[in-house]
Amino acid sequence: MSLLEIKNLHASVDGHEILKGVDLTMNPGEVHSIMGPNGSGKSTLAAVLARRESFEVTAGEALYDGKDLLAMKPEDAACEGVFLAFQYPVEIPGIGNAYFLRSAMNAIRKYRGQDELDAMDFLPLFREKVKLLEMDGALMNRSLNEGFSGGEKKRNEILQMAMLQPKLAILDETDSGLDIDALRIVAQGVNALRSPERSFLVITHYQRLLNYITPHFVHVLVDGKIVRSGGPELALELEEKGYGWAEPDQVPA
Amino acid sequence: MSASVETIRELAQQEYKWGFVTKIDEDRVPKGLNEAIVRLISERKGEPEWMLDWRLKALRHWMSVEREQGEPEWANVKYGPIDYQDIVYYSAPKQRPVVDSLDAIDPEILRTYEKLGIPLEEQKRLAGVAVDAVFDSVSVATTFKGKLAEMGVIFCSFSDAVKNHPDLVKKYLGTVVPHTDNFFAALNAAVFTDGSFVYVPKGVRCPMELSTYFRINAAETGQFERTLIVADEGAYVSYLEGCTAPIRDENQLHAAVVELVALDNATIKYSTVQNWYPGDKEGRGGIYNFVTKRGKCLGVNSKISWTQVETGSAITWKYPGCILQGDNSVGEFYSVALTNNRQQADTGTKMIHIGKNTRSTIVSKGISAGYGQNTYRGQVKIMKGATGARNYTQCDSLLIGDRCGAHTFPYIDVRNSTARMEHEASTSKIGENQLFYLRQRGLKTEDAVSMIVNGFCKTVFRELPMEFAVEAQKLLGVSLEGSVG
């Protein structure tokens with residue numbers, strides 16, 4: 001059975017239709033990349049799948065693990081194993097990173113009927129992942145994302161992903177604003193999590209990230225629709241020829 | 001409207017859990033306020049002549065202010081006229097005359113405190129907290145008196161202090177908040193019924209937290225307690241107060257006065273968790289909490305620290321302040337004020353710098369939800385002689401939903417050019433993006449809001465004694481229920 005099956009998905013924000021019929025099927029263990037120009041609906045697709053409520057689904061369906069994803073609240077989708085690495089992670093003053101992450105893990109464990117983790121179970125795991133992402137341990141005692149640089153915030157997203165162990169991880173332009181070193185570390189974090197059960201939807205502008213995270217499939221999203229799909233070579237072709245090339249109907253100005 | 005806003009609203013609409021009424025026989029004076037009533041109150045309490053005279057002087061002052069000016073109107077709160085002749089100024093549980101052991105207290109009252117989570121039996125109390133319980137107009141029990149007395153610490157009801165320690169009371173009563181201070185302080189001075197008295201002698205560090213638990217029970221009554229805490233040279237005391245009231249449709253007046261005096265090198269830490277009945281969702285009923293609290297750092301190197309968590313009351317009007325008279329004295333004010341539904345709060349502090357090198361810190365966190373209106377009003381005054389004075393003020397407002405309000409009125413008056421003042425202020429809203437972020441990680445909306453609010457209040461909660469901090473966090477969660485929408 002496929003992990004995610006999206007059919008004819010339409011979605012609007014403030015009355016403007018952004019997604020105009022997206023079809024996408026992902027199987028467990030697959031890495032799919034969505035590429036596309038600014039404003040094509042990449043982040044909207046990510047937000048809709050993570051069930052952000054200010055994005056209205058007007059038509060279509062999305063089955064996740066056989067369940068109706070579009071009927072779920074954000075927290076239920078999260079507890080079912082959907083994770084979104086945010087393009088712009090938010091800051092929450094006064095709430096420590098570790099405390100937040102343990103609360104999140106326990107909320108998910110509770111949903112699944114598992115025992116909560118106490119600090120003794122949590123800390124070794126946490127330290128291991130902090131090391132994997134080459135993060136400054138002192139940062140973890142600070143408030144969530146507060147005073148973090150852009151790159152540190154992105155790494156923190158991947159750290160959270162590594163802790164929460166989702167089934168479907170959506171990375172929304174995680175590579176934007178990262179220097180080469182940070183990019184390598186982030187990719188390393190993602191690759192360490194690749195497994196036959198876990199799928200990734202990697203949203204990016206640039207082919208660059210895909211040098212580090214090799215996808216099984218690349219899709220090109222233009223004006224709210226997937227206009228072309230292919231293997232990793234499609235990303236290279238796009239890099240060379242631009243998005244105008246990918247959309248046959250569009251006449252370049 | 002987004003669903004998260006809906007949830008915020010639901011979260012703000014939780015029931016008040018302390019709203020029950022205790023059935024007991026009351027001994028109350030007739031409604032109304034005049035000289036005869038004040039004499040009656042004084043007589044019921046078996047007070048000496050000087051105390052009665054003090055009350056009558058205050059009453060005359062109050063009456064002339066009421067006639068000529070009426071209530072103060074500068075606060076940013078709205079309420080209908082209060083009929084001061086329609087209030088019962090003294091109501092006490094009928095009981096056997098002297099309370100020396102808990103056996104003499106009406107078992108219904110003991111059960112009330114039990115229900116509120118304040119067991120008065122000493123062996124049941126958490127170690128390290130002595131409690132004075134004030135029920136309507138009188139103190140019904142004070143625990144651990146004996147143990148404290150061994151160290152010379154006096155902790156008793158105000159009435160007992162008037163009888164047993166008249167010299168101390170006479171020396172300090174009204175020295176920080178005179179009866180002429182303001183309308184409600186004058187009213188309190190005329191009709192105050194009970195409260196707590198604390199004296200910590202020279203060089204003594206009070207071995208446990210002292211605490212007063214105030215409960216309004218009777219209908220149509222006001223509560224007018226008066227607390228006086230004196231820390232003698234080098235002494236230290238930490239004092240906590242908590243308060244609740246039953247659910248009633250009418251508004252009830254609570255006009256308390258608290259005076260603190262710190263002598264040379266003394267420290268007083270005063271914490272409040274105020275949870276009077278806030279009224280219902282439409283704003284019916286609830287307590288008018290019009291309170292004057294002030295501390296005087298009389299001695300050198302003395303320190304007074306106020307921490308308040310204000311979640312209850314229909315209207316809150318209070319400005320716990322510090323008069324920094326002794327050189328090098330320190331004043332602190334840490335506040336969390338939450339207004340939900342139709343609650344209104346106008347609260348803040350006054351820091352009056354008189355002595356040299358005096359320092360003050362103000363951290364105010366206002367949270368507004370529902371239709372709540374939250375005002376910070378603070379005065380920092382540096383007098384001519386206060387060379388080297390410093391103040392740091394941080395004033396943050398958090399809005400939940402789109403129907404509430406946050407207002408800030410800082411007054412800064414500097415008359416000495418060596419003063420250093422810092423003022424930081426911010427207003428933020430719990431954003432959809434913050435909530436979505438936390439929910440995307442698996443947290444339920446209520447838990448997400450509660451987490452954001454607790455993070456916002458962290459610097460203040462850190463100042464509370466441990467047991468109270470946990471309590472305060474829970475209370476905040478409950479008071480916010482129904483606020484997410």
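The values are calculated or read from the model by the stated rules, or taken from the named source; none is laboratory data. The structure displayed is predicted, hence computed values, not measured ones. Neighbour counts run over all protein chains shown; Cβ positions are idealised from the backbone, glycine included. We work out accessible area using only protein heavy atoms, side chains counted, and drop any ligands, DNA or RNA first. Shrake-Rupley method; radii C 1.70, N 1.55, O 1.52, S 1.80 Å.
Taking only protein heavy atoms into account and a 1.4 Å probe, give the accessible area per residue of the stretch A:1-89 in Å².
Counting only protein heavy atoms, the per-residue value for the stretch A:1-89 is 37 Å².
Please state the Cα pair-distance histogram of the protein assembly as shown with 10 angstrom bins from zero: what percent is in each bin?
Pair shares across the bins are 3, 13, 21, 20, 15, 11, 9, 5, 2, 0, 0.
For the stretch B:402-446, what size does the Cα cloud have along each of its three principal axes, sorted from largest down, in whole Å?
54, 24, 14
Cross-link candidates for residue B:269: which lysines have Cα within less than 16 Å, leaving aside residues fewer than 8 places away along the same chain?
Qualifying lysines at Cα under 16 Å: B:293, B:296, B:303.
Rounded to the nearest angstrom and ordered from largest down, what semi-axes does the equivalent ellipsoid of the stretch A:96-208 get from its C-alpha gyration tensor (root of 5λ)?
In descending order, the three semi-axes are 23, 18, 12 Å.
Under a Cβ-only charge scheme (Lys and Arg +1, Asp and Glu -1), can you give me the dipole magnitude of the protein assembly as shown about the Cα centre, in debye to the nearest 20?
Charge dipole, the protein assembly as shown, about its Cα centre: 1660 debye, nearest 20.
Suppose the Debye formula is applied to equal point scatterers at every Cα of the stretch A:158-253; what is log10 I(q)/I(0) at q = 0.21 Å⁻¹?
Listed by q, the Debye log ratios stand at -1.11.
Need one number: buried accessible surface between chains B and A, 1.4 Å probe, both sides summed, DNA, RNA and ligands left out, in Å² to 100.
Summing both sides, the interface buries roughly 2200 Å².
Partner chain Cβ atoms within 10 Å, averaged over the residues of B:428-434 - can you pull that number for me?
Mean shielding count: 2.
Shielding by partners for A:64-74, please: the mean number of other protein chain Cβ atoms within 10 Å of each residue's Cβ. Walk me through the numbers before you get to the answer.
Details: counts 0, 0, 0, 0, 0, 0, 0, 0, 0, 6, 14.
Counting other chains' Cβ atoms within 10 Å and averaging over A:64-74 gives 2.
So what are the three principal axis dimensions of the stretch A:4-44 from its Cα atoms, in whole Å, longest to shortest?
So the extents along the principal axes, rounded to whole Å, are 35, 21, 12.
When the accessible area of the protein assembly as shown is split by element with a 1.4 Å probe, what percent falls to carbon and sulfur?
Carbon and sulfur together cover 48 percent of it.
What does the accessible area per residue of the stretch B:257-330 come to in Å², with a 1.4 Å probe and no ligands, DNA or RNA counted?
In whole numbers, the stretch B:257-330 has 21 Å² accessible per residue.
Compute the orientation-averaged projected area for the stretch B:276-406 from the convex hull of its Cα atoms and round it to one decimal in nm².
7.2 nm²
Among rounded, prolate and oblate, which fits the stretch B:423-485 when a ≥ b ≥ c are the square roots of the eigenvalues of its C-alpha gyration tensor, a/c under 1.5 means rounded, and a/b larger than b/c means prolate?
Oblate is the answer for the stretch B:423-485, as a/c is 1.5 or above yet b/c matches or exceeds a/b.
Quick one: of the DSSP bridges fully inside the stretch A:154-253, what percent are antiparallel, nearest 5?
Percent antiparallel among DSSP bridges in the stretch A:154-253 is about 55.
Past 30 Å, Cα to Cα, is the threshold; run B:171/B:350; A:67/B:281; A:167/B:458 against it and keep the listed order.
Violating the 30 Å Cα-Cα cut-off are A:67/B:281; A:167/B:458.
Please express the Cα-Cα pair-distance distribution P(r) of the stretch A:1-137 as a list of whole percents, one per 10 Å bin, running from 0 to the bin with the greatest distance.
Histogramming the stretch A:1-137 at 10 Å steps yields 10, 33, 32, 21, 4 percent.
Per residue Cα convex hull volume for chain A, in cubic angstrom? Can you show the working numbers first?
Numbers: hull volume 33.8 nm³, N = 253.
In chain A, the Cα convex hull volume per residue is 134 Å³.
When you count, for each residue, the other Cβ atoms within 10 Å and take the mean per peptide, how do B:25-37, A:140-152, B:412-424 rank with the highest first?
Averaged packing, sorted descending, gives the order A:140-152, B:25-37, B:412-424.
Using the Cα centre as the reference, give the magnitude of the dipole from point charges on the C-beta atoms of the stretch A:123-253 (Lys, Arg: +1; Asp, Glu: -1; all else neutral), rounded to the nearest 20 debye.
Numbers: 15 positive and 19 negative charges, 113 e Å.
Dipole of the stretch A:123-253, to the nearest 20 debye: 540 debye.
Using a 10 Å cut-off on Cβ atoms, rank the peptides B:316-325, A:118-127 from the highest mean neighbour count down. Please report the intermediate quantities before stating the final value.
Values: B:316-325: 26.2, A:118-127: 12.9.
Top to bottom by mean Cβ count within 10 Å: B:316-325, A:118-127.
List the pair-distance distribution P(r) of the stretch B:219-332, using every Cα-Cα distance, as the percent of pairs falling in each 5 Å bin from 0 up to the bin containing the longest distance, rounded to whole percents.
Spelled out per bin, shortest first, that is 3, 12, 22, 19, 14, 11, 8, 6, 3, 1.
Where nothing but the Cβ of Lys and Arg (+1) and of Asp and Glu (-1) is charged, how large is the charge dipole of the stretch B:154-295 around its Cα centre, in debye to the nearest 20?
Roughly 180 debye for the stretch B:154-295.
Give me a single rounded figure for A:102-110: the average over its residues of other chain Cβ atoms within 10 Å of their Cβ.
Values: counts 0, 7, 8, 2, 2, 8, 3, 1, 2.
Mean partner-chain Cβ count within 10 Å for A:102-110: 4.
Show me B:441-454, B:297-310 ranked by packing, highest mean number of other Cβ atoms within 10 Å first.
With the highest mean Cβ count within 10 Å placed first, the list reads B:297-310, B:441-454.
What shape does the stretch A:26-74 take by its C-alpha gyration tensor, where a ≥ b ≥ c are the square roots of the eigenvalues and a/c under 1.5 counts as rounded, a/b above b/c as prolate, and the rest as oblate?
Because a/c hits 1.5 or more and a/b fails to exceed b/c, the stretch A:26-74 counts as oblate.
Among the lysines, which fall within straight-line cross-link reach of residue A:153, defined as a Cα-Cα distance under 19 Å, with same-chain neighbours fewer than 8 residues apart omitted?
A:129, A:131
As I understand it, the dipole of the protein assembly as shown uses +1 on the Cβ of Lys and Arg and -1 on the Cβ of Asp and Glu, about the Cα centre. Which of B:256, B:414, A:64 lies farthest toward its positive end?
B:414
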